[in-house]
Amino acid sequence: MKNHALALSISDAGWRLFLQQLQTKAELYGKTFMAVDPRNTTQTCSTCGYLLTGDNKLTLRDRSWQCPQCQTKHQRDLNAAKNILAKGIDQLA
Ligand SMILES: [Zn+2]
């Protein structure tokens, strides 16, 4: 993976395969599969929609945080998962 372009292309292929497998499994179990734009899913409060910006932005080290607007305490990945689900439901509507 020293060749950056080649590494990118291999990881793209891996990601595509992963998404295909998710789609196949979802269909097998009668579930809906869709891809959503992941932008801001981590930095947005799933309770009130507040978007962290500037110095408030979470770094990879920040595993939990409290929304400065509604004071909800979030676990980083659970909050992102709620935002991703909401985006998917919005796309279905
Ligand atoms: Zn909030």
Total lysine pairs under 29 Å (Cα atoms) in region 11-93, excluding pairs fewer than 8 apart on one chain: 9
Per residue value of the accessible surface for region 34-93 (all protein chains in place, 1.4 Å probe), Å²: 70
Contour minus Cα-Cα distance for Ser9 and Asp90 (0.36 nm per residue): 26.1 nm
Among Asn83, Thr72, Met34 the positive-end extreme of the charge dipole of the chain (Cβ point charges): Thr72
Sum of -39500 (n - 2.57) over DSSP H runs of 4+, divided by residues of the chain (222 nm, nearest 500): -15500 deg cm²/dmol
Given 13 as the ceiling on other Cβ atoms within 10 Å, longest exposed-site-free region of the chain for trypsin sites (Lys or Arg not before Pro) in DSSP loops: 64-93
Per-selection metrics, the chain (Cα): Rg and Dmax in Å: 16.5, 46
Accessible carbon and sulfur surface of region 34-93 relative to its total accessible area, %, 1.4 Å: 52
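The values are calculated or read from the model by the stated rules, or taken from the named source; none is laboratory data. None of the values given here were measured: they were computed from a predicted structure. Backbone-built Cβ (ideal geometry, glycine too); neighbour counts: all protein chains shown. Surface accessibility is based on the protein's heavy atoms, side chains included, excluding ligands, DNA and RNA. Shrake-Rupley method; radii C 1.70, N 1.55, O 1.52, S 1.80 Å.
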